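Undergrad: One structure coming up, written as structure tokens, with questions to follow.
The values are calculated or read from the model by the stated rules, or taken from the named source; none is laboratory data. Small disclaimer: the values here were computed from a predicted structure and weren't measured. Glycine gets a Cβ as well: all are built from the backbone with ideal geometry, and neighbour counts include every protein chain shown.
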Amino acid sequence: MKRKKATGAARIIKYIVLSVLVLIYLIPLLWVFFVSLKTNGEVMTEPWSVPEVLHWENYASAWFAGGLQRATLNSIIVCVITLVASILIGSMAAFVIGIMRWKHAGKAMNLFLFGMMVPVHCILIPLFIVFVRMHLTDSYLSMILPYTAFALPMTIYLMNGFFKSIPWEVYEAACIDGCSIYRIFFTIALLLSRGGIFVVGLMTFVGNWNELLVAMVFTDSPEVQTIPVRLTAFVSPYATDYVRMFAAIVLAMLPTILVYSMFSNRIVSGLTTGAVKG
Amino acid sequence: MDKVLKNKKAIVIFLTPAVLVFLAIMLIPIVCAVALAFCDWNSVGSPEFVGLDNFVEMFTTDRVMLIAIRNSLFIVVFSLITQQTIGLLVAAVLSSRGMRFRNFFKNIYYLPCVISSAALALLFSFLFNPNMGINALLAEFGIQGPLWLMDISWDIPLGMWVIGGVAAWQYMGSSMMLYMAAIAGISENYYEAAEIDGASKVQSFFHITLPLIKPMAKISITMSCIGSLKFFDLIYNMTKGGPSNQTEVLASHLYNEAFGGMRFGYASAISIMIMVLCIVVSGIVNKAIRVEDF
């Protein structure tokens, strides 16, 4: 049984509309890329033309003068540590809740899921006060701790699902063979859910890489600031060295675009599993 | 088997880090925020209990708060309408059979969701600058473009519409992705049966697709509303709430009161407002979209 194919005209209109939408998505990104390769004079006189001479030196200037090299390093440090911490801590908790026999597992799960409802704004002020007293502000830890806490609910939820999707016989066999619970967790549960860990990790990484509010509140100095904060401080519509700011914007967007183009399918599957299960 | 899985020591070891982080960074701070919301405190000295004063001030003397509530609700409604309808329509079209370049379209539309809002906001603040970007293009055709983000002549300033548009541009892809996943889960048999009965594509969409994606619609709408209430990055990097506070939203107002004005008590009250609004809105969405379990 074959369904009727849409008529020719309807098909063409469909593709035209979708292509216009593609243009709406690509033009702003291409625009900033083009103007980032011009001179300040060209930006003012012909902001919409394709650059004739490519001024790649704008990028060097943004990278060093804007402090982006330090900010990129900071972002990598903060995001990687958060990633490892939240996956490790989260999967341990998910393992207890999903696989081990514990009578309060359901309550624990609900407690963690409640975390999904909490806006980060609510903890900003109390944490700020505590961090100031403990001299924790302006450090990597001041970002890593909140990021980890806010990554936990989703991590626990998804890892719980991945652990449960491993056939029960696998756990049983390991027990019969005399495996300790720690070995079951590290060499069976974690190893068999690597695909899931990868997806959860990507989502956590991209989310934290782009986070602005927490990083802005808890840090002051360029030595620890992440890319979004550095960029916000560096770029201002009232400054005059436009091309350098445009180059900085492109440099800030590039890492996640690259990660996305490499792993788009897995990011997408992570997003949808997260939502379907959530 | 049971003995291994009931290992008390292992349970404690596995659970302690998560519980500690969660308690220290989330639960205890929330309790503190609730307590602070009823206090007056400027970070020096000790908090002074003032009862409901902060909440009274919010709705009476604080004019910026009223603007912020209006703008936040505007963003909620605007994103809801644009993001959900466009996202659903695009998802339906991309899911249709014989669709070419499906992954290409899908990946382009979703791309902005993984880019930092802060960077995108700066990009668009240049595009909607009165002299650069779009207005420079309009000038080529002799059209004098509006002031965009600086224009406050309307009831809801033009800047809010622009920012709402940018938000829709950025997040349409995530709604589309969710709806595509939901549509992919619908059995092809329904559509074939409908076609045999002579239903048109449009009829199939309204009578098969729409009812069957309700659970996903609930998730997508809830996520969009909560995201809109927490809205901060775009506002902060496009207008900083200006001109004259006209584009302030709840989160930016909270930020200014707390870290500009050092009014920690009052800002905590605003943060509690945001949380309550999030809970209320998801409650309303949950009630409004009834999902029958088959």
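Undergrad: Determine which single condition residue B:166 fails, assuming it passes every other condition in (1) farther than 20 Å from residue B:92 by Cβ; (2) of a type in the set (Val, Ile, Thr); (3) within 7 Å of chain A (Cβ to nearest Cβ).
TA: Residue B:166 satisfies every listed condition except (3).
Undergrad: Just one of B:114, B:90 is of a type outside the set (S, T, N, Q) and touching a residue at least 24 places away in the same chain (Cβ under 8 Å); which is it?
TA: When all the criteria are applied, what remains is B:90.
Undergrad: Look through the stretch A:159-177, keep the residues that are under 11 Å from residue A:189 (Cβ atoms) and of a type in the set (A, V, I, L, M, F, W, C), and return whichever of them is farthest from the chain's Cα centre (by Cα).
TA: Looking at the filtered set, the residue picked out is A:174.
Undergrad: What about residue A:181, is it facing chain B (nearest Cβ under 8 Å), modelled with pLDDT under 90, within 17 Å of residue A:93 (Cα to Cα) and buried (at least 19 other Cβ atoms within 10 Å of the Cβ)?
TA: Considered against the rule, which asks whether it is facing chain B (nearest Cβ under 8 Å), modelled with pLDDT under 90, within 17 Å of residue A:93 (Cα to Cα) and buried (at least 19 other Cβ atoms within 10 Å of the Cβ), residue A:181 comes out as yes.
Undergrad: Among the residues of the stretch B:200-245, what is the count of those that are within 11 Å of chain A (Cβ to nearest Cβ), outside any helix (DSSP H, G or I) and of a type in the set (Ser, Thr, Tyr)?
TA: 2
Undergrad: Checking residue B:248 against (1) farther than 19 Å from residue B:80 by Cα; (2) touching a residue at least 24 places away in the same chain (Cβ under 8 Å); (3) surrounded by fewer than 24 Cβ atoms within 10 Å (Cβ to Cβ); (4) more than 8 Å from chain A (Cβ to nearest Cβ), which single condition isn't satisfied?
TA: Answer for residue B:248: the failing condition is (3).
Undergrad: May I pose another question? All but one of (1) in contact (Cβ under 8 Å) with a residue 60 or more places away in the chain; (2) within 21 Å of residue B:252 (Cβ to Cβ); (3) buried (at least 23 other Cβ atoms within 10 Å of the Cβ) hold for residue A:210, so report the exception by its number.
TA: (1)
Residues checked against (1) under 22 Å from residue A:147 (Cα atoms); (2) hydrophobic (A, V, I, L, M, F, W, C):
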site: A:166; (1), (2): no, yes
site: A:180; (1), (2): no, no
site: A:184; (1), (2): no, yes
site: A:204; (1), (2): yes, no
site: A:208; (1), (2): yes, no
site: A:232; (1), (2): yes, no
site: A:235; (1), (2): no, yes
site: A:243; (1), (2): no, yes
site: A:249; (1), (2): no, yes
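Undergrad: While we're on this one: Just checking, does the stretch B:134-154 include any residue being of a type in the set (D, E, K, R), closer than 18 Å to residue B:243 by Cβ and not in a helix (DSSP H, G or I)?
TA: Yes, because at least one residue in the stretch B:134-154 is of a type in the set (D, E, K, R), closer than 18 Å to residue B:243 by Cβ and not in a helix (DSSP H, G or I).
Undergrad: Hand me the list of helices (runs of 4 or more DSSP H) wholly inside the stretch A:164-278 holding 3 or more residues that are small (Gly, Ala, Ser).
TA: A:194-209, A:242-277
Undergrad: Looking at B:165, B:145, B:159 in this structure, which one is under 23 Å from the mean Cα position of the chain (by Cα), in contact (Cβ under 8 Å) with a residue 12 or more places away in the chain and surrounded by fewer than 22 Cβ atoms within 10 Å (Cβ to Cβ)?
TA: It is B:165.
Undergrad: Answer yes or no as to whether residue A:166 is surrounded by 14 or more Cβ atoms within 10 Å (Cβ to Cβ) and free of Cβ contacts under 8 Å to residues at least 40 places away in the same chain.
TA: Criteria met by residue A:166.
Undergrad: OK, next. Please go through the stretch A:36-66 and give me each residue that is more than 10 Å from every other protein chain (Cβ to nearest Cβ), without any contact (Cβ under 8 Å) to a residue 40 or more places away in the chain and part of a helix (DSSP H, G or I), ordered by number.
TA: A:41, A:42, A:57, A:60, A:64, listed by residue number.
Undergrad: Continuing with the same structure: Among the listed residues B:46, B:95, B:79, identify the single one that is within 13 Å of chain A (Cβ to nearest Cβ), more than 30 Å from residue A:185 (Cα to Cα), among the hydroxyl-bearing types (Ser, Thr, Tyr) and touching a residue at least 12 places away in the same chain (Cβ under 8 Å).
TA: So the residue among B:46, B:95, B:79 that is within 13 Å of chain A (Cβ to nearest Cβ), more than 30 Å from residue A:185 (Cα to Cα), among the hydroxyl-bearing types (Ser, Thr, Tyr) and touching a residue at least 12 places away in the same chain (Cβ under 8 Å) is B:95.
Undergrad: If you don't mind, there's one more thing I want to ask. Could you please find all residues in the stretch A:75-104 being touching a Lys or Arg at 6+ places or on another chain (Cβ under 8 Å) and in a helix (DSSP H, G or I)?
TA: A:98
Undergrad: Now, a different point. Identify, from the list A:235, A:243, the residue that is more than 18 Å from the chain's Cα centre (by Cα), crowded, with 22+ Cβ neighbours inside 10 Å, away from chain B (no Cβ under 11 Å) and not charged (D, E, K, R).
TA: Selected residue: A:243, the only one of A:235, A:243 that is more than 18 Å from the chain's Cα centre (by Cα), crowded, with 22+ Cβ neighbours inside 10 Å, away from chain B (no Cβ under 11 Å) and not charged (D, E, K, R).
Undergrad: Filter the stretch B:102-130 down to the residues that are in a loop (DSSP other than H, G, I, E, B) and more than 8 Å from chain A (Cβ to nearest Cβ) and list them by number.
TA: B:128, B:130
Undergrad: Okay, moving on. What are the pairs, 6+ residues apart or on separate chains, where a residue within the stretch A:17-35 that is without any contact (Cβ under 8 Å) to a residue 60 or more places away in the chain has its Cβ under 9 Å from a residue that is of a type in the set (S, T, N, Q) and outside any helix (DSSP H, G or I)?
TA: Pairs found: A:34/A:49.
Undergrad: Taking the stretch A:5-22 as the search range and keeping residues that are facing chain B (nearest Cβ under 10 Å) and not small (Gly, Ala, Ser), which one is farthest from residue B:140 (Cα to Cα)?
TA: Among residues in the stretch A:5-22 that are facing chain B (nearest Cβ under 10 Å) and not small (Gly, Ala, Ser), the one farthest from residue B:140 (Cα to Cα) is A:5.
Undergrad: Mind listing whichever residues of the stretch B:24-46 are closer than 25 Å to residue A:149 by Cα and out of contact with any helix residue (DSSP H, G or I) (no Cβ under 7 Å at 6 or more places or on another chain)?
TA: B:24, B:27, B:28, B:31, B:35
Undergrad: From A:156, A:197, grab the single residue that is more than 9 Å from every other protein chain (Cβ to nearest Cβ), under 21 Å from the mean Cα position of the chain (by Cα) and within 20 Å of residue A:85 (Cβ to Cβ).
TA: A:197
Undergrad: Also: Could you figure out which of (1) more than 12 Å from every other protein chain (Cβ to nearest Cβ); (2) surrounded by fewer than 20 Cβ atoms within 10 Å (Cβ to Cβ); (3) touching a helix residue (DSSP H, G or I) at 6+ places or on another chain (Cβ under 8 Å); (4) not β-branched (Val, Ile, Thr) isn't true of residue B:62?
TA: (3)
Undergrad: Further question on the same structure: Restricting attention to the stretch B:257-294, which residues are over 17 Å from the mean Cα position of the chain (by Cα), surrounded by fewer than 19 Cβ atoms within 10 Å (Cβ to Cβ) and not in a loop (DSSP other than H, G, I, E, B)?
TA: B:259, B:260, B:287, B:288
Undergrad: Please determine, by comparing only the residues of the stretch A:107-135 that are surrounded by fewer than 20 Cβ atoms within 10 Å (Cβ to Cβ) and touching a residue at least 60 places away in the same chain (Cβ under 8 Å), which one is farthest from residue A:203 (Cα to Cα).
TA: Across the stretch A:107-135, the extreme among qualifying residues is A:131.
Undergrad: Do any residues in the stretch B:1-25 that are more than 7 Å from chain A (Cβ to nearest Cβ) and small (Gly, Ala, Ser) have Cβ atoms under 9 Å from those of residues that are in a loop (DSSP other than H, G, I, E, B) and surrounded by 14 or more Cβ atoms within 10 Å (Cβ to Cβ), where the two are at least six apart or on different chains, and which pairs are they?
TA: none
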